[in-house]
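Worksheet: one structure, shown below.
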Amino acid sequence: MESMSIYLIAGLAFISVAGLGWAFSGGGGTKSAGAKRLRAVAGESPNRRSKRKLPGADQAGTRRKQIQQTLNDLDLQQKEKRKRTLTLKARILQAGYSFSPLSFHITSLVIGTLTIAILLLTGQSLLIAGAFGFGTGFGLPRWFLGFVRKRRVKKFSLEFANAIDVIVRGVKSGLPLNECLRIIAREAPAPVGPEFKMLNEGMTVGVDLGRGLEKMYERMPLSELNFFAIVLTIQQKTGGNLAEALGNLSTVLRARKMMREKIGALSSEAKASSMIIGSLPPLVMLIVYVTTPAYMSLMFTEPLGHMLLAGGASWMALGIFVMSRMISFDF
């Protein structure tokens, strides 16, 4: 009798455990089957449900593709624009001048010829006169053009962030973009004002904004202006909040300006050292010539002295070039 009770209890325990296992396993399958039937009634298969996308996701994907395509097109355009900004005509425009490259070459030739003539009249040899004439005729005008160009580009970079802030405030207050550009052309100091004035004049006669910005980039090859053109181009093609995008761009430009000033402060010691080292040999030669002219005059009267001067000048030019490259930072 006791054995029958043990068997009955064991059987009930087995049935209870099996029922719990069925409830946890079979019940989920029933629920899954029910869900499948509901989807079948709704006309939706499991594979179709997993592949269906929300309308918002489709729009985001489409816009992402448009932005990527726009960036690829802009990358190709930037390569072409960089090539156009390296020509002599482009450098003349970037310096703020309007004369032709032919006039520049004629002026360089005249300067070199006058230098050779003056040195020959003072009794210098043809070799020395030719070397100095080539340096003044070929190098001096290009150095002056590069100096003026660099100074003008720097002035534009310092005021460009303020011009973007004018556009941001104008767009937020409800003004159209063209009116904001006119305000910059009237109120901004040179060279920002004149450049935007030329942009507005081009748009008045029918030039597209993108093409006008390309022309401005050729006259002012700044990465900041390139960012500005990219933002406006993407906003025109894909839409978006222009004020927010330009506000972020203004923040980035001001951060780049602070970084540029910090790098200039950290590299000032190296620049001063290079200037002192580069000026020492000519200064020592001048002091020796003033104190003992007979000792130094042999360098200007003897052929061997001419060769030594030419070699020293070449090595000095090479050393100055190397030092200038070492202390120049691109960022």
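The values are calculated or read from the model by the stated rules, or taken from the named source; none is laboratory data. Predicted model, so just to flag it, every value in this text is computed and none were measured. Here Cβ is always computed from backbone atoms with ideal geometry, including for glycine, and neighbour counts include all displayed protein chains.
Could we say that Leu222 is closer than 27 Å to Gly146 by Cβ, modelled with pLDDT of 85 or more and in contact with a Phe, Trp or Tyr (Cβ under 7 Å, 6 or more places away or on another chain) here? In short, yes.
Checked against (1) at pLDDT 90 or above; (2) exposed (fewer than 13 other Cβ atoms within 10 Å of the Cβ), Val153 passes all but a single condition, namely (2). Among the residues that make up the range 262-269, is at least one of them of a type in the set (Asp, Glu) and either modelled with pLDDT under 85 or touching an Asp or Glu at 6+ places or on another chain (Cβ under 9 Å) (or both)? Among the residues of the range 262-269, at least one is of a type in the set (Asp, Glu) and either modelled with pLDDT under 85 or touching an Asp or Glu at 6+ places or on another chain (Cβ under 9 Å) (or both), which makes the answer yes. Does Glu187 satisfy the condition of being touching a residue at least 24 places away in the same chain (Cβ under 8 Å) and not aromatic (Phe, Trp, Tyr)? Against the criterion (touching a residue at least 24 places away in the same chain (Cβ under 8 Å) and not aromatic (Phe, Trp, Tyr)), Glu187 does not qualify.
Please indicate, with yes or no, whether at least one residue in the range 277-289 is among the aromatic types (Phe, Trp, Tyr) and touching a helix residue (DSSP H, G or I) at 6+ places or on another chain (Cβ under 6 Å). Yes: the range 277-289 contains one or more residues that are among the aromatic types (Phe, Trp, Tyr) and touching a helix residue (DSSP H, G or I) at 6+ places or on another chain (Cβ under 6 Å). Looking at the range 99-106, is at least one residue farther than 26 Å from Lys150 by Cβ, out of contact with any Lys or Arg (no Cβ under 9 Å at 6 or more places or on another chain) and not assigned by TED's automatic domain parsing to the domain that holds Arg219? No, the range 99-106 has no match at all.
Could you tell me which of the residues Phe138, Phe144 is within 35 Å of the chain's Cα centre (by Cα), surrounded by fewer than 18 Cβ atoms within 10 Å (Cβ to Cβ) and either in the same structural domain as Gly305 (by TED's automatic domain parsing) or closer than 30 Å to Met198 by Cβ (or both)?
It is Phe144.
Every condition in (1) modelled with pLDDT under 85; (2) surrounded by 11 or more Cβ atoms within 10 Å (Cβ to Cβ) is met by Ser279 except one, and the failing one is (1).
Within the range 213-226, the residues that satisfy the criterion of being closer than 16 Å to Phe160 by Cβ and without any contact (Cβ under 8 Å) to a residue 24 or more places away in the chain are Leu213, Met216, Ser223. Restricting the range 111-127 to residues that are crowded, with 19+ Cβ neighbours inside 10 Å and aliphatic (A, V, I, L, M), which is nearest to the chain's Cα centre (by Cα)? Selected residue: Ile116. Taking the range 317-331 as the range and being part of a helix (DSSP H, G or I) and surrounded by 14 or more Cβ atoms within 10 Å (Cβ to Cβ) as the test, the residues that pass are Gly319, Ile320, Met323.
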